[in-house]
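**Student:** Sharing a structure below in C-alpha cells format, with a few things to ask.
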Amino acid sequence: MRDFKSLKVSYKPADGKKRFPGTVVSVRELVNLPIVVKDFEVGIKTEQGEDRCVVSIELNGEPKKYFTNSEEMKNILAQVAEIPDGLPFETVIKTETFGKGRTKYVFS
C-alpha cells in the first residue's frame, strides 16, 4: 500500500487561484528590507477591492505575503514571470514620493 506523500496530490481550489503560506504583512513593513519574491497571483478579491495581487515572499527565511493594487508592481511581476527562471528573485522595496505627497512602493 502506498503512503499519502507518494501520491503527490494536493488541494486544487475551484477558483484556480494559488494559495500561499505565511502571514499577511503590510507592504509598509517591508520597506528597505531584503526579501525574496517567490510567486504571485493576480485577480484576487479582497475587502479593499477587486483585481488585487497577492505576492508570496520570504523575509528572514520565513514565508509571508502581501497584497497590492499597484499597477506598476503587477506589471513588473508579470514581466518577471515571462523570463525563464525569473522567479524567485531578491529585491528591496523602496518608497517614492510623487504628486501631492503621495507615496508608491517600488522594487529596487
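The values are calculated or read from the model by the stated rules, or taken from the named source; none is laboratory data. Worth saying up front: this structure is predicted, and the values here are computed from it rather than measured. Ideal geometry is used to build each Cβ from the backbone, glycine not excepted, and the neighbour counts take in all protein chains shown.
**Student:** Any chance you could count how many residues in the stretch 45-65 are of a type in the set (S, T, N, Q), without any contact (Cβ under 8 Å) to a residue 12 or more places away in the chain and touching a strand residue (DSSP E or B) at 6+ places or on another chain (Cβ under 8 Å)?
**Tutor:** 0
**Student:** Here's a follow-up. Could you check the stretch 44-68 and list, in sequence order, the residues that are modelled with pLDDT of 95 or more and surrounded by fewer than 15 Cβ atoms within 10 Å (Cβ to Cβ)?
**Tutor:** ASN60, GLY61, GLU62, PRO63
**Student:** Which of the residues spanning the stretch 28-43 are surrounded by fewer than 17 Cβ atoms within 10 Å (Cβ to Cβ) and either closer than 14 Å to GLU90 by Cα or of a type outside the set (D, E, K, R) (or both)? If you could, list the steps in order and put the result at the bottom.
**Tutor:** Kept after step one, since they are surrounded by fewer than 17 Cβ atoms within 10 Å (Cβ to Cβ), are these residues of the stretch 28-43: 28-29, 31-34, 36, 39, 42-43.
Those that are surrounded by fewer than 17 Cβ atoms within 10 Å (Cβ to Cβ) and either closer than 14 Å to GLU90 by Cα or of a type outside the set (D, E, K, R) (or both): VAL31, ASN32, LEU33, PRO34, VAL36, ASP39, VAL42, GLY43.
**Student:** Okay, next question. Being small (Gly, Ala, Ser) and without any contact (Cβ under 8 Å) to a residue 40 or more places away in the chain narrows it down to one residue among SER26, SER6; which is it?
**Tutor:** Result of the check over SER26, SER6: SER6.
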